[in-house]
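S.K.: Dumping the structure here so I can ask a few things about it.
Here, each number is a calculation from the coordinates, and none is a lab measurement. No experiment lies behind these values; they were computed from the predicted model shown. No Cβ is skipped: glycine too gets one built from the backbone with ideal geometry, and neighbour counts run over all protein chains shown.
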Amino acid sequence: MSQFAVPEPAADATVSRERRVVREGRLALKGKRKGIRGFLPFIGPSLIAAIAYVDPGNYATDIGSGAAYGYRLLWVVVLANLMAMVMQNLSAKLGIATGRSLAELCRERLPRWLTVTLWAIAEVAAMATDLAEFLGAALALNLMTGMPMWVAAFVTALATYGVLTLERYGFRPVEAFVGSLLGVIALCYVAESAFSRPDWRAVMVHSVTPWLGGPDSVLLAVGIVGATVMPHAIYLHSGLTKGRIVPESSRERVRLYRYERMDVILAMSLAGLVNLAMVYMAASVFHATGHTSVATLAQAYQTLTPLLGPAPAGVFLASLLASGLSSSAVGTMAGQAIMQGFVGFTVPLWVRRLVTMVPPLAVIAVGIDPMRALIMSQVVLSLALPAPLVALVAFTKNRQLMGNLVNRPWMNGLAVAITGVVTGLNLLLLYTVCGGRM
């Protein structure tokens with residue numbers, strides 16, 4: 001069964017649209033739909049997963065690196081996005097090949113003690129993810145309206161819950177809504193590019209030219225790469241592709257994977273371009289004008305206003321709000337998928353959502369400093385990341401489990417290398433955050 005509930009009969013129009021998508025997808029798998037028309041039914045899962053790569057945590061890291069070092073760390077963003085693209089591709093493939101999510105496979109194939117441990121780690125990671133994302137949306141509302149942070153966080157929670165109620169109508173409405181917010185973020189950064197007028201030659205050169213100038217720049221590079229691949233996105237993507245459109249033969253399964261791979265490339269490329277835009281906007285506006293110490297989202301907004309005027313600052317807040325709301329919804333969806341997959345029995349939706357959403361709200365309500373909370377959430381994610389990556393690589397190289405979609409040797413080697421690099425960089429990030437010196 002899919003991550004999403006079967007649509008209820010009352011929503012006849014939505015049921016009809018859902019059935020059309022599935023029918024068109026089945027025709028594409030049989031080779032009766034080609035080109036864009038054949039691809040359209042498969043667009044969606046990766047758009048949801050890609051939101052994890054343009055969440056408020058990415059804003060903070062990208063803007064900080066652009067302000068401090070200009071265009072010189074753009075190559076790190078490109079590298080990080082390519083690595084994330086590979087791992088999200090494997091997660092999507094796992095759901096297609098097995099009809100199971102990563103969490104479900106962990107429960108079915110690993111010892112109980114290890115399953116419980118992984119579940120606990122994954123739940124904490126989902127809560128930490130929601131904390132960062134709730135903070136971003138709440139901060140945007142706070143700066144827009146002046147409402148207190150705890151009120152803004154509560155409004156964010158209500159909006160997130162409202163988005164998630166779309167699940168009762170099937171997978172398409174959620175995909176369309178979250179994909180639309182990703183489009184809003186992208187359009188905001190098209191506008192920011194026009195406002196900031198970056199040096200496009202420098203953008204091109206530094207996107208492919210490695211550079212590391214010293215311990216501080218290394219730390220920022222580690223932060224970009226180490227915090228890019230998100231644990232909750234790895235768990236969620238396999239849950240989004242399992243049972244969405246079911247192949248009836250090994251040939252159809254391969255064709256389905258090819259379509260989903262195109263979905264991954266499209267969505268992750270869009271997320272990568274947004275991250276590049278965040279860096280070069282900060283490089284052009286902050287670094288070029290001597291504001292190299294801009295490191296927080298509030299500072300970015302407050303500095304943009306006198307430098308470029310209220311319109312670019314307002315566009316920045318609009319993009320941050322879209323990022324916070326969409327990533328909060330996706331983070332909560334991931335928490336639901338993790339809990340459902342690991343426990344192996346049906347948990348009421350309201351319980352699954354509250355388990356993920358209440359802790360971040362509590363942290364904000366007691367008045368913990370937002371930036372300190374954001375840093376601590378990244379530490380938790382650094383600790384949680386190795387488990388799903390190792391499990392994902394182990395499962396996708398298992399021929400008995402994956403069949404004709406098993407990793408090829410070169411892909412398996414690449415996935416192992418990426419897992420090692422990302423895990424090592426996260427551990428290095430954790431070491432420096434805890435006071436270690438490079």
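S.K.: Short version: ³J(HN,Hα) in whole Hz for each residue of the range 94-99, in order, from phi by Karplus 6.51 cos²θ - 1.76 cosθ + 1.60 (θ = phi - 60°), x for Gly and Pro, what are they?
M.R.: Result, ordered by residue: 4, x, 5, 6, 10, x Hz.
S.K.: Where does the chain land at 222 nm, in deg cm²/dmol rounded to the nearest 500, when only DSSP H runs of n ≥ 4 count, each adding -39500 (n - 2.57), divided by all residues?
M.R.: -26000 deg cm²/dmol
S.K.: Helix 349-365 sits at what angle to the longest principal axis of the chain, using alpha carbons and giving 0 to 90 degrees rounded to 10?
M.R.: 10
S.K.: Listed highest first by mean packing, meaning other Cβ atoms within 10 Å per residue, what order do 399-408, 133-142, 148-157 come in?
M.R.: 133-142, 148-157, 399-408
S.K.: Quick one: helix 231-241 against the long Cα principal axis of the chain, what's the angle to the nearest 10°, folded into 0 to 90?
M.R.: 40
S.K.: When Ile51, Ile265 are ordered from fewest to most other Cβ atoms inside 10 Å of their Cβ, what list results?
M.R.: Ile265, Ile51
S.K.: Further question on the same structure: For the range 179-261, with only Lys/Arg (+1) and Asp/Glu (-1) charged at the beta-carbon, what is the dipole magnitude about the Cα centre, in debye rounded to 20?
M.R.: Details: 9 positive and 6 negative charges, 94 e Å.
Taking the Cα centre of the range 179-261 as origin, the dipole is about 460 debye.
S.K.: Report ³J(HN,Hα) in whole Hz for each residue of the range 121-133, in order, from the Karplus equation J = 6.51 cos²θ - 1.76 cosθ + 1.60 where θ = phi - 60°; Gly and Pro get x.
M.R.: 4, 5, 5, 5, 5, 5, 5, 5, 4, 4, 4, 4, 6
S.K.: With springs only between Cα atoms under 10 Å, which of Glu104, Glu248, Glu260 fluctuates most in a Gaussian network model of the chain?
M.R.: Glu248
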